[in-house]
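Heads up, the thing below is written out as structure tokens.
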């Protein structure tokens with residue numbers, strides 16, 4: 001159910017997704033339980049039990065999953081940089097007609 | 001048919017066993033059987049004037065499920081939303097004596113026997129839904145809200 | 001003859017809070033105060049049938065609503081009941097942040113904890129009356 | 001507490017009471033979050049203080065019965081929310097003011113008494129949100145999914161981001177909140193964590209949190225600016241967000257810093273209505 005665009009920009013062009021720091025992650029899976037958009041995927045039988053499976057499902061500017069993370073293992077890109085980037089892409093789109 | 005929705009309005013009465021069975025059977029249809037897109041309408045909210053519940057029952061086919069022959073859910077649905085498209089009287093299915101048993105049971109104390117009654121009533125609800133005439137659906141879309149869809 | 005206090009839950013079917021109201025009331029009238037209280041079907045109250053009217057009119061009533069829409073409280077007072085206490089499940093739920101209480105069909109262990117607290121509040125009110 | 005007021009003292013320099021008014025104003029602005037208006041500079045520089053005065057309730061401090069500060073406020077068409085007259089206060093508390101212009105024990109004591117009085121009076125402090133400014137006669141467009149009703153206000157002053165938050169913009173202020181999509185998804189909202197008053201928020205920064213037994217939703221601010229007020233009623237009655245997230249259920253008010261730029265990444269009714277509809281169909285609330 002991912003939205004294909006965000007603010008008129010193709011979602012795939014926007015770098016916004018959680019990044020898991022595996023040196024901190026304890027695989028409690030709280031983030032996965034929280035996120036309704038199936039951004040994460042659980043691999044029970046593997047060493048790395050949690051991966052960011054669908055980065056483009058992640059709602060741009062949403063950071064809510066990181067709040068559920070006890071060990072603080074989830075980070076997001078810089079919001080202002082992302083905002084700027086979206087504006088730039090929109091300008092490019094405009095000038096390309 | 002996936003677009004079609006049916007409302008179920010159940011009595012949930014607390015004074016006798018029939019209410020408990022109605023409620024559980026309705027939830028069962030909604031949660032487990034999922035044969036059609038069913039929507040449970042909240043009877044108390046419906047009675048208190050909830051616009052969402054009343055409008056739904058006016059637009060979509062709706063059936064009632066009552067625990068005893070007082071048929072409170074059926075009567076109130078007819079009163080506020082017009083005709084209903086089917087009704088179930090649980091006391092007719094599990095027997096008057098059982099349904100009117102005033103020794104109401106809390107959910108945690110339900111026995112296998114009770115759960116069988118729930119199954120029986122749930123399949124009756126499904127049967128009632130499948131008997132709804134296709135005409136009841138015609139023209140029943142949410143175009144009337146002015147949104148232009 | 002002493003008239004039993006009527007304890008009326010909303011029993012809303014769409015959310016766990018409705019089931020919690022219902023279970024808290026059943027616990028009160030079946031286990032905690034069977035001598036002093038009884039429940040009445042909300043849907044029956046609304047029909048306005050003479051039998052139920054006689055039961056409710058002028059009687060002390062305690063309503064237990066799942067959500068802030070207060071369906072039970074509204075309907076009981078319209079029917080002429082003297083609502084001496086309006087309880088809301090969510091008020092007790094708020095004291096249990098982050099817990100899961102179950103579904104509209106079945107309560108979890110934490111749901112049972114909360115309904116016991118609500119039942120205790122109802123019972124306290126009933127016992128204060130006499 | 002007296003907070004978020006614009007404080008206009010007479011600041012008269014030739015009478016003790018005038019000097020006290022100046023000192024009281026300085027105290028109010030140094031120790032609490034109030035903004036001072038210099039009466040002298042106001043006469044020649046409207047722009048600077050008109051902005052402050054339009055955004056804050058006004059506290060006027062007159063030294064004596066000539067009431068120069070009140071007159072100045074009237075001249076500038078300002079609505080006075082609270083008023084203090086130093087000579088009246090002195091009389092009320094039986095304090096005799098000295099004749100020279102230096103503040104001594106008596107004068108300082110009077111300042112403390114007045115400050116305490118102002119700070120203990122909580123009644124008018126919440127006057128920060130100018131209700132009349134944000135009228136709530138929205139015209140809604142509605143759609144239904146199952147039995148659930150979703151509304152979106154049509155008013156052109158209401159902007160949305162794609163994170164389901166709205167901003168109702170009047171002048172350099174915005175009221176913000178969540179849309180029906182959020183409240184229907186969360187169901188009964190039980191907790192409200194407001195943003196901190198005075199905090200600076202970036203566009204798309206977090207601006208509070210609401211929580212039901214189903215989930216938590218972090219508000220993503222449609223606009224950048226400073227939080228100047230929150231909807232305190234929600235702390236007791238978060239269910240107002242379920243009742244109507246656009247009117248009684250508003251979350252906070254923001255003093256805008258760069259709305260022209262924010263606007264580039266906001267959408268109006270037409271677009272948001274379509275987006276919300278699609279989201280609703282996808283998520284099957």
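Rule-based calculations on the coordinates, nothing more; no lab input. Bear in mind that the values here come from a model prediction, so they are computed numbers and not experimental data. With ideal geometry, Cβ positions are generated from the backbone for all residues, glycine too; neighbour counts draw on all protein chains shown.
Listed from fewest to most Cβ neighbours within 10 Å, the set A:16, D:166 follows the order A:16, D:166.
Reported to two decimal places, what Rg/Rh ratio describes the protein assembly as shown when computed on Cα atoms with Rh from the Kirkwood expression?
Values: Rg = 30.4 Å, Rh = 28.7 Å.
Result for the protein assembly as shown is an Rg/Rh of 1.06.
For chain A, the longest principal axis of the Cα atoms and the long axis of helix A:79-95 meet at an angle of about 30 degrees.
Using C-alpha pairs below 8 Å separated by at least 6 residues, the relative contact order for chain A is 36 percent.
Between residue D:261 and residue D:30, what's the calculated FRET efficiency when r is the beta-carbon distance and R0 is 30 Å? Round to 0.05. Numbers along the way, then the final one.
Numbers: r = 33 Å, r/R0 = 1.10.
Given R0 = 30 Å and the Cβ-Cβ separation, E is 0.35.
Our summary of shape: the Cα atoms of segment D:140-283 have principal axis extents of 41, 33, 21 Å, ordered from largest down, in whole angstrom. Under the criterion of Cα pairs below 8 Å and six or more residues apart, the relative contact order for chain D equals 15 percent. What angle do you read, to the nearest 10 degrees and between 0 and 90, between the alpha-carbon axis of helix D:16-31 and the longest principal axis of chain D? The answer is roughly 30 degrees.
Rounded to the nearest 500, the helix-only mean residue ellipticity at 222 nm of chain C stands at -13000 deg cm²/dmol, with each DSSP H run of n ≥ 4 adding -39,500 (n - 2.57).
When the Cα atoms of chain D are aligned to their principal axes, the ranges along those axes come out at 77, 38, 28 Å in descending order.
Given the DSSP H assignment, sum -39500 (n - 2.57) over each helix run of at least 4 residues in chain D and divide by its residue total; what's the result at 222 nm in deg cm²/dmol, nearest 500? All intermediate terms of the calculation are to be shown ahead of the outcome.
Numbers: 11 runs with 99 residues, N = 285.
Value at 222 nm, helices only: -10000 deg cm²/dmol.
A simple spin-label model places the labels of residue C:84 and residue B:58 4.0 nm from each other, with each point 7 Å out along Cα-to-Cβ. Dividing the summed -39500 (n - 2.57) terms of all DSSP H runs of n ≥ 4 by the residue count of chain A sets its mean residue ellipticity at 222 nm at -7500 deg cm²/dmol.
Subtract the Cα-Cα distance of residue A:28 and residue A:15 from 0.36 nm times their separation in residues, and report this length gain in nm to one decimal. Kindly include the intermediate steps, with their values, before the conclusion.
Details: separation 13, 0.36 × 13 = 4.68 nm, distance 2.55 nm.
Difference between extended and current length: 2.1 nm.
Spherically averaged projected area of the convex hull of Cα atoms, segment C:5-129: 7.0 nm². The percentage of C-alpha pairs in segment D:6-128 whose separation is greater than 23 Å is 26%.
Taking a point 7 Å from the Cα of residue A:5 along the Cα-to-Cβ direction, the residues of segment A:58-97 with backbone N closer than 17 Å to it are A:60, A:86-97.
Computed from the Cβ-Cβ distance with R0 of 22 Å, the FRET efficiency linking residue D:71 to residue D:47 stands at 0.60.
Each part gets one Cα centre, and for segment A:74-97 versus segment D:1-26 those centres are 48 Å apart.
With 10 angstrom as the radius, rank D:61, A:74 by how many other C-beta atoms surround their C-beta, starting from the fewest.
The order, fewest Cβ neighbours first, is A:74, D:61.
Between residue A:48 and residue D:283, what FRET efficiency comes out of the Förster formula 1/(1 + (r/R0)^6) with R0 = 45 Å and r the beta carbon distance, rounded to 0.05?
Numbers: r = 29 Å, r/R0 = 0.65.
Plugging the Cβ-Cβ distance into 1/(1 + (r/R0)^6) gives 0.95.
Among A:76, B:60, D:41, a tally of other beta-carbon atoms within 10 Å of each Cβ gives an order, fewest to most, of D:41, A:76, B:60.
How high is the relative contact order of segment C:54-130, given as a whole-number percent (alpha carbon pairs under 8 Å, six or more residues apart)? Show your work: numbers first, answer last.
Details: 82 pairs, mean separation 18.9, N = 77.
The normalised contact order for segment C:54-130 reaches 25 percent.
Tell me, rounded to the nearest percent, the portion of alpha carbon pairs in segment A:5-95 spaced more than 19 Å apart.
Details: 1736 of 4095 pairs.
Summing the P(r) tail past 19 Å for segment A:5-95 gives 42 percent.
The long axis of helix C:109-129 is offset from the longest Cα principal axis of chain C by roughly 30 degrees. Suppose we keep just the DSSP beta bridges with both residues in the protein assembly as shown; what percent of those would be antiparallel, to 5? That works out to approximately 55 percent antiparallel. Mean silhouette area of segment B:5-133, derived from the convex hull of its C-alpha atoms and averaged over all directions, reads 7.2 nm².
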